[in-house]
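Everything below concerns the one structure shown next.
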Amino acid sequence: MAALSFKNLLDANQITKEDALTILSLAKEYHDGSLKGKKLWDDCRGNILATLFFEPSTRTRFSFETAMLRLGGQVISLENEETTSIKKGETLADTARIISGYSDMIVMRHPKGHSVASFAEYASVPVINAGDGANQHPTQALVDLYTIFREKGRLENLTIGFMGDLKYSRTVFCLLTVLSHYKNNFIFIAPPSLKISDERKKVLAKQNSNIREVENLDEVIGELDILYATRVQGERFATKEEYDKVKDSYSLSKKDLVKAKKDVIIMHPLPRVNEIHPEVDSLPNAKYFEQAANGVFARMALLSLMKK
Amino acid sequence: MAALSFKNLLDANQITKEDALTILSLAKEYHDGSLKGKKLWDDCRGNILATLFFEPSTRTRFSFETAMLRLGGQVISLENEETTSIKKGETLADTARIISGYSDMIVMRHPKGHSVASFAEYASVPVINAGDGANQHPTQALVDLYTIFREKGRLENLTIGFMGDLKYSRTVFCLLTVLSHYKNNFIFIAPPSLKISDERKKVLAKQNSNIREVENLDEVIGELDILYATRVQGERFATKEEYDKVKDSYSLSKKDLVKAKKDVIIMHPLPRVNEIHPEVDSLPNAKYFEQAANGVFARMALLSLMKK
Amino acid sequence: MAALSFKNLLDANQITKEDALTILSLAKEYHDGSLKGKKLWDDCRGNILATLFFEPSTRTRFSFETAMLRLGGQVISLENEETTSIKKGETLADTARIISGYSDMIVMRHPKGHSVASFAEYASVPVINAGDGANQHPTQALVDLYTIFREKGRLENLTIGFMGDLKYSRTVFCLLTVLSHYKNNFIFIAPPSLKISDERKKVLAKQNSNIREVENLDEVIGELDILYATRVQGERFATKEEYDKVKDSYSLSKKDLVKAKKDVIIMHPLPRVNEIHPEVDSLPNAKYFEQAANGVFARMALLSLMKK
C-alpha cells in the first residue's frame with residue numbers, strides 16, 4: 001500500500017495530490033465493501049485509538065471511533081475536557097508523551113489554534129488534528145473531497161459554488177486547500193460582510209483554478225456542478241439588522257434550484273440551522289447526509305494508512 | 001430465528017405475544033450459556049451500537065453496552081447531552097440521519113416524551129427507546145417480564161401486587177402493557193394520592209386480568225406470587241406532611257413479609273431509596289438484583305433479534 | 001499461573017512478596033512481547049471491565065482501559081460522577097451489586113477514603129482500587145515497583161531518595177508499603193513542614209530498610225540509585241511565603257544532578273508542575289514517561305491474574 005507523505009495530519013496543506021489519491025482509493029474500497037454488506041475489517045486489529053476531545057464534538061468523535069472499530073481496532077475516549085490533568089496544570093507536551101504510552105494513534109480536538117501541532121511535537125504515535133479552533137480541520141476536507149469524487153467521479157473541471165460565510169469558515173479554507181491540486185472553477189457567493197478575504201484570494205490566485213465572486217446564488221445557480229453551503233452565524237454580524245438582511249439570501253429552498261443543473265449536488269458540513277430548508281432534503285441532489293456517512297470511509301482509509 | 005414484528009422498539013404496546021416469546025426464549029438461551037461460563041457470543045459481531053443518552057442513566061447505558069459487547073459487537077457512546085450539536089441548534093431529525101451513518105443500531109434516552117419516536121422516523125437503522133421522559137421505557141418491561149418468566153416459570157395465573165407510586169410510574173405502565181397478553185390477578189397497593197388513574201383502569205378493564213385496589217400491603221401480602229415495589233418520590237406530594245404520612249406504609253421490611261407465601265418474589269426497578277429495607281436483601285425472595293442482571297440477557301436477545 | 005493472595009486489590013498492604021513477583025514477571029512478559037511488536041493478547045478475551053470514576057482521572061482510566069483492550073477484553077466506562085444513580089440517593093452497596101451484574105471486573109476511583117473497600121464488600125466480581133481520596137492507590141505502587149525492577153534489575157540494595165511532599169503523598173506511602181518486602185536504603189528529602197510523619201516512621205522502623213532524613217537534595221544526590229520526586233502542592237502550606245520559601249529547593253534541574261551517579265533514575269508519578277524542569281526530560285536518567293507507559297503492562301498483569 002502506498003505510504004502517505006506525513007506522519008501526523010495537522011494541516012490540509014500536508015495532503016499531496018498522491019496522498020489524496022491513495023486515501024480516496026482506499027476509502028472507495030471500504031465503501032464498496034460496506035455496500036456489499038461487509039461491516040468489519042482487520043486492517044487495524046490490535047491498534048488502540050485515543051480520541052481526545054478538549055472541546056466536544058460528538059459527530060466528529062463518533063465518525064473516528066466508528067472508523068477505528070470497523071477496522072477491528074479499539075478506542076479509548078475523552079469526551080469531556082473537564083476530566084483531565086490539564087486542570088492540575090499539566091502541559092500539553094506532558095499529556096502527549098503520556099497518552100503516547102497508552103495508544104497507537106491519537107485524534108485530538110482542541111479549542112485553541114495550533115495546539116494540536118504543539119501536542120504532536122511531543123507525541124511518539126501518529127496524531128490527527130480533528131479541529132483546532134478557527135485554524136484547521138483537515139479530515140473534513142478529505143471527507144468533502146471524497147464526497148466530490150464519489151458523486152462526480154472526478155476532482156477537476158468542476159464548477160463549485162461556495163455559499164455563505166466565506167470569511168470565517170475553516171471548512172471552506174481546508175477544502176480549497178486540498179482542491180488546489182486540481183483545476184476547477186470556484187464561484188464564491190457571499191454578502192459583502194462575509195466575503196472571502198483578500199489574503200486568501202491571493203493564495204488562490206497562485207493556484208490552477210479560476211475564481212469569481214457574486215452576491216446572489218440566483219446569478220450562477222445554472223452553472224454549478226456542486227453547491228457547497230456553509231452556516232451563516234448570526235454572531236458574526238455587527239447588528240441583528242445586518243444579519244436579518246442577509247440571512248434569507250443564504251438559506252436554500254427548492255425554488256432556488258429551479259434553474260439548477262439536473263445533477264448539481266448540494267453539500268454542507270453540518271450541523272445546519274437555517275442554511276438549507278428541510279424541503280430540500282428529499283431531492284436527489286441533497287448529498288449532505290451521504291457526506292456525513294462518507295466521513296467514516298474517508299477516516300477508515302486515513303487511520304489504516306497512518307498506523308505504524 | 002423468528003423475526004420480531006417491529007423495526008424500532010419505541011413503545012411497550014408494540015411487543016406482541018409472539019415477540020415476547022421469541023425474546024424471552026433467546027434471553028434464556030444466553031442466560032443458560034452464561035451460567036455455564038460462556039462470556040462471549042458472535043451474534044452481533046461487526047455491529048456497532050450507538051448509545052445516545054441525552055439524559056444520564058449509567059445503569060441502563062451499561063446494561064445495553066454490556067449486552068452488545070457480550071454479543072461480539074462494539075459501542076460508541078454519548079454519556080453527556082452537553083456535548084452534542086443539539087446545542088448548535090441541530091434538529092433531532094438531522095441527528096438521526098447522521099448517527100445512522102455511524103452505527104448499525106441506536107439506543108436513545110431523552111428527557112422529552114415521544115422524542116425517541118420522532119428521532120426514529122428519520123433514522124435508517126433500528127432504534128430502541130431507553131426511556132423518553134414520563135412516557136415509555138419498553139425494555140424495562142421486557143427485563144421485568146423475563147424475570148417473572150425466569151423466577152416463576154410462567155407468565156399467567158399469577159397474583160401480582162404493584163406497590164407504591166402507581167399514578168406516575170412509567171415502569172409499572174410498561175410492564176402492565178406487556179402483561180396484557182396473559183391472564184393474571186393484579187392488586188394495586190397505593191395511598192389515595194398515588195392510586196392508578198381512571199383512564200389507565202379503563203384500559204386494564206378491557207384486558208384479560210382481574211384487578212383489585214387496596215391501600216395496605218398487609219391486607220393482601222398472603223395472596224401474592226410477586227410483589228413489585230416502586231419508588232415513592234417525595235416531590236410527587238403537595239406537602240411534606242402528606243409524604244411523611246404515607247412513605248412508611250410503602251417501605252418494605254422483613255416483618256411485612258411474615259404472612260407472605262414462601263416463594264413470593266420481590267421485584268423493584270431500582271434505584272431504591274427507602275422502599276425496601278436492606279434487611280430484606282438477604283432473603284431468598286429478594287430478586288431485584290437478579291432483575292438488574294437479567295437486563296443484560298433480555299437486551300442481548302433484543303439487540304440480536306433487531307439487528308439488520 | 002500462580003494465583004494472587006487477594007480477590008480484590010484495595011490496599012498496597014495486601015500485596016505479598018509472592019504477589020509482587022507474580023505480577024512483575026507477567027508484566028515483563030507483556031512488555032517484552034510489546035517491544036517485539038505484539039499489540040493484542042487473548043488473556044482476557046470475553047471479559048468486560050467496568051471503569052467507575054466518581055472522580056475524574058483520565059490518565060489512570062486510560063491506563064486500565066488500554067490494559068484491558070490489549071488483553072482482548074472490553075470496557076464499559078463511567079467518566080463522570082454526575083451521571084449516576086448516586087444522585088438519586090442510591091447506596092454504594094446497591095451500585096456494587098448492580099454493576100457486578102454488568103461486568104466481570106471493576107476498577108473504581110472515588111474521592112472518599114475507604115469507599116472502594118465498602119463498595120467491594122457488596123460486589124460479586126473482583127474490584128480494584130484506583131484511588132480513594134487520600135487513602136490508597138495500590139496500582140500506582142505496582143507501576144512504580146515494576147519501573148524499578150525494569151530499570152534496575154533488582155528490588156533490593158538500592159538507595160532511594162524520596163523528595164518533596166512526604167507528609168501527604170499517597171503515592172509515596174503506597175510505594176513504601178510494597179517496598180517493605182525488600183531491604184533498601186531510604187533517604188527522605190523534605191522541608192520541615194512536609195516531613196514524613198512520626199507515625200509512618202514508626203511503621204518503617206519495624207521493616208528491613210535503613211532510613212535517613214535530610215532537608216536538601218544536594219547533601220545526598222551522589223548516593224542515590226533512584227530519585228523519586230513528588231508534587232509539592234502550594235495549598236498544603238499555611239502561607240504563600242512559606243510555600244515560596246521551599247518550592248525551589250524541590251524543583252529539580254540539570255545542575256542539581258551534576259554530582260549524581262551516572263545511572264541514577266528519576267521517577268515521578270505525574271502530573272508534574274514545577275517539580276522537574278523540562279530540561280531534565282532529555283536526560284537518559286529521566287524515566288517518568290517510561291514509568292507512565294509501564295503502567296499499562298503492570299495493569300495488564302494485574303487484570304489478567306485477577307480475572308475470575
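Numbers below:
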| item | result |
| --- | --- |
| From A:Leu227, A:Leu283, A:Leu252, residue being over 20 Å from B:Ala93 (Cβ atoms) and in contact with a strand residue (DSSP E or B) (Cβ under 9 Å, 6 or more places away or on another chain) | A:Leu227 |
| Residue ranges of helices (runs of 4 or more DSSP H) in the range C:22-129 with at least 1 members over 27 Å from B:Lys39 (Cβ atoms) | C:58-70, C:115-122 |
| Hey, A:Glu79 surrounded by fewer than 19 Cβ atoms within 10 Å (Cβ to Cβ) and of a type outside the set (Gly, Ala, Ser) or not | no |
| Tally of residues being in contact with a Ser or Thr (Cβ under 9 Å, 6 or more places away or on another chain) and not β-branched (Val, Ile, Thr) across the range B:141-155 | 2 |
| Any chance A:Asp165 is closer than 30 Å to C:Glu275 by Cβ and among the charged types (D, E, K, R) | no |
| Test result for A:Tyr102, among the hydroxyl-bearing types (Ser, Thr, Tyr), within 14 Å of chain C (Cβ to nearest Cβ) and surrounded by 17 or more Cβ atoms within 10 Å (Cβ to Cβ) | yes |
| Verdict on B:Leu52 being within 14 Å of chain C (Cβ to nearest Cβ) and either out of contact with any strand residue (DSSP E or B) (no Cβ under 6 Å at 6 or more places or on another chain) or over 22 Å from B:Asn129 (Cα atoms) (or both) | no |
| Count - residues of the range C:197-216 that are surrounded by 12 or more Cβ atoms within 10 Å (Cβ to Cβ) and over 16 Å from C:Asn185 (Cβ atoms) | 5 |
| In the range B:36-47, the residues that are over 23 Å from the mean Cα position of the chain (by Cα) and more than 12 Å from chain C (Cβ to nearest Cβ) | B:Lys36, B:Asp43, B:Arg45, B:Gly46, B:Asn47 |
| Per-region count, the range A:182-215, residues touching an Asp or Glu at 6+ places or on another chain (Cβ under 9 Å) and within 22 Å of A:Asn129 (Cβ to Cβ) | 0 |
| Odd one out for A:Tyr243, checked against (1) touching a Gly at 6+ places or on another chain (Cβ under 8 Å); (2) within 14 Å of chain B (Cβ to nearest Cβ); (3) among the aromatic types (Phe, Trp, Tyr) | (2) |
| Residue pairs meeting the criteria (Cβ under 6 Å; at least 6 apart or on separate chains; first more than 25 Å from B:Ile98 (Cα to Cα), in the range B:36-64; second buried (at least 17 other Cβ atoms within 10 Å of the Cβ) and of a type in the set (A, V, I, L, M, F, W, C)) | B:Trp41/B:Leu71; B:Asp43/B:Leu71 |
| Qualifying positions in the range B:251-308 - part of a helix (DSSP H, G or I), more than 10 Å from chain C (Cβ to nearest Cβ) and of a type in the set (D, E, K, R) | B:Lys254, B:Lys255, B:Asp256, B:Glu279, B:Arg299 |
| Top-ranked residue in the range C:230-249 [being among the β-branched types (Val, Ile, Thr) and under 29 Å from C:Tyr146 (Cα atoms); ranked as modelled with the highest pLDDT] | C:Thr230 |
| Pick from the range A:202-226, criterion acidic (Asp, Glu) and outside any loop (DSSP other than H, G, I, E, B), ranking: nearest to A:Asn274 (Cα to Cα) | A:Asp218 |
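Condition check ((1) in contact with a His (Cβ under 6 Å, 6 or more places away or on another chain); (2) buried (at least 23 other Cβ atoms within 10 Å of the Cβ); (3) closer than 19 Å to A:Thr95 by Cβ) across all residues:
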| residue | (1), (2), (3) |
| --- | --- |
| C:Val258 | no, no, no |
| C:Lys262 | no, no, no |
| C:Asn274 | no, no, yes |
| C:Pro278 | no, no, yes |
| C:Ala298 | no, yes, no |
| C:Lys307 | no, no, no |
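Residues are listed down the side, and each one gets a yes or a no for (1) under 24 Å from the mean Cα position of the chain (by Cα); (2) surrounded by fewer than 21 Cβ atoms within 10 Å (Cβ to Cβ):
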{"site": "A:Lys195", "(1), (2)": "yes, yes"}
{"site": "A:Asp218", "(1), (2)": "no, yes"}
{"site": "A:Leu252", "(1), (2)": "yes, no"}
{"site": "A:Pro269", "(1), (2)": "yes, no"}
{"site": "A:Gly295", "(1), (2)": "yes, no"}
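Per-residue answers, yes or no, for (1) modelled with pLDDT of 95 or more; (2) more than 21 Å from C:Asp11 (Cβ to Cβ); (3) in a helix (DSSP H, G or I):
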{"residue": "C:Ile148", "(1), (2), (3)": "yes, no, yes"}
{"residue": "C:Leu155", "(1), (2), (3)": "yes, no, no"}
{"residue": "C:Lys167", "(1), (2), (3)": "no, no, no"}
{"residue": "C:Thr171", "(1), (2), (3)": "no, no, yes"}
{"residue": "C:Thr177", "(1), (2), (3)": "yes, no, yes"}
{"residue": "C:Ile187", "(1), (2), (3)": "yes, yes, no"}
{"residue": "C:Arg200", "(1), (2), (3)": "no, no, yes"}
{"residue": "C:Tyr228", "(1), (2), (3)": "yes, no, no"}
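The values are calculated or read from the model by the stated rules, or taken from the named source; none is laboratory data. Nothing here was measured: the structure is a model prediction, and the numbers come from that model. Note that each Cβ is placed from the backbone with ideal geometry, even for glycine, and that neighbours are counted across all protein chains shown.
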